[in-house]
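Colleague: The structure under discussion is supplied below as structure tokens; questions concerning it will follow.
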Amino acid sequence: MPATSVLEINAPASGIFDVVVDLLAYDEWLPNSTSFPGITSISESPTKLGTTYIESTPLGIRHGEVIDISRPSKVVFHQPMQLKDAPEGVLVDIKVEIILRMKTEEVTEVERNVYLSFPEPLIGLKPVFEEGVGLEGARVMGFLKKKVESLA
């Protein structure tokens, strides 16, 4: 079951989508946090299917890739994470799915789903990660709303 955050943003889906997929601009609207200290490397811009990126966090490194993209309604990021204290190759599997649904011409519902999967050696970390993912999802969505609505 994913950690889900949903909110309405007063903007068309296309404008929200453009902000979500502009990985180079995340530092402009999303303040760093323990969960998101920033993107350290991006393979290409503009973002497209197969774009890769790296996020280095205090807990480990996420090697992300855009695995599904359908403008302006959906983008999916797959970002397996190698924890610093875990054996090499023992990864937390993370998938972030953003779905945009137009409510009216100027109002869009944004749904952010985060799916986590843990290998047996790391299963004890699941409750800690799930709590953090929920808090981080709400934080990201709030800043996304603020950024997009400031563009109007």
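The values are calculated or read from the model by the stated rules, or taken from the named source; none is laboratory data. Since the structure is predicted, the reported quantities are computational estimates derived from the model, not experimental observations. Reconstructed Cβ throughout: ideal geometry from the backbone, glycine too, with neighbour counts over all protein chains shown. For the accessible areas, the whole protein counts, side chains as well, though only heavy atoms, and no ligand, DNA or RNA atoms are used. Shrake-Rupley method; radii C 1.70, N 1.55, O 1.52, S 1.80 Å.
Colleague: Out of (1) under 28 Å from ASP18 (Cβ atoms); (2) surrounded by 18 or more Cβ atoms within 10 Å (Cβ to Cβ), the odd one out for TYR115 is which?
Modeller: TYR115 satisfies every listed condition except (2).
Colleague: Give me the pairs, please: first residue somewhere in region 1-21 and touching a residue at least 40 places away in the same chain (Cβ under 8 Å) and charged (D, E, K, R), second residue anywhere and outside any loop (DSSP other than H, G, I, E, B) and open to solvent by less than 50 Å² (accessible area, probe 1.4 Å), beta-carbon distance under 8 Å, and either six or more positions apart or on two chains.
Modeller: Going by the 8 Å Cβ cut-off, the qualifying pairs are GLU8/VAL107; GLU8/THR108; GLU8/GLU109; GLU8/VAL110.
Colleague: Looking at (1) in a loop (DSSP other than H, G, I, E, B); (2) farther than 19 Å from GLU136 by Cα, find the lone condition where PRO58 falls short.
Modeller: (2)
For every residue, the table says whether it meets (1) touching a helix residue (DSSP H, G or I) at 6+ places or on another chain (Cβ under 9 Å); (2) surrounded by 15 or more Cβ atoms within 10 Å (Cβ to Cβ); (3) on the phi > 0 side of the Ramachandran plot.
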position	(1), (2), (3)
ALA86	yes, yes, no
LEU91	yes, yes, no
LYS95	no, yes, no
ILE99	no, yes, no
GLU131	no, no, no
ALA138	no, no, no
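Colleague: State yes or no: is THR40 at pLDDT below 95, open to solvent by 60 Å² or more (accessible area, probe 1.4 Å) and not in a strand (DSSP E or B)?
Modeller: In short, no.
Colleague: Report the residue count in region 24-37 for those that are assigned to a loop (DSSP other than H, G, I, E, B) and either open to solvent by 60 Å² or more (accessible area, probe 1.4 Å) or not hydrophobic (A, V, I, L, M, F, W, C) (or both).
Modeller: The qualifying residues number 6.
Colleague: When the residues of region 60-84 are narrowed to those that are surrounded by 14 or more Cβ atoms within 10 Å (Cβ to Cβ) and of a type in the set (S, T, N, Q), which ends up farthest from PHE118 (Cα to Cα)? Walk me through how you get there before you give the answer.
Modeller: Start the filter on region 60-84 by keeping residues that are surrounded by 14 or more Cβ atoms within 10 Å (Cβ to Cβ), which leaves 60-67, 69, 72-83.
Subsequent filtering for residues that are of a type in the set (S, T, N, Q) retains 73, 79, 82.
On the way: SER73: 28, GLN79: 13, GLN82: 11 Å.
For region 60-84, the residue satisfying everything is SER73.
Colleague: Something else now. Condition (residue is touching a helix residue (DSSP H, G or I) at 6+ places or on another chain (Cβ under 6 Å), assigned to a strand (DSSP E or B) and either on the phi > 0 side of the Ramachandran plot or at pLDDT 95 or above (or both)) applied to region 12-23: is it met by at least one residue?
Modeller: So far as region 12-23 goes, no, none of its residues is touching a helix residue (DSSP H, G or I) at 6+ places or on another chain (Cβ under 6 Å), assigned to a strand (DSSP E or B) and either on the phi > 0 side of the Ramachandran plot or at pLDDT 95 or above (or both).
Colleague: Can you tell me which residues in region 43-59 are buried (at least 16 other Cβ atoms within 10 Å of the Cβ) and either among the aromatic types (Phe, Trp, Tyr) or on the phi > 0 side of the Ramachandran plot (or both)?
Modeller: Across region 43-59, the qualifying residue is only TYR53.
Colleague: For region 97-124, how many residues are assigned to a helix (DSSP H, G or I) and either touching a Lys or Arg at 6+ places or on another chain (Cβ under 6 Å) or in contact (Cβ under 8 Å) with a residue 40 or more places away in the chain (or both)?
Modeller: Number satisfying all stated conditions: 0.
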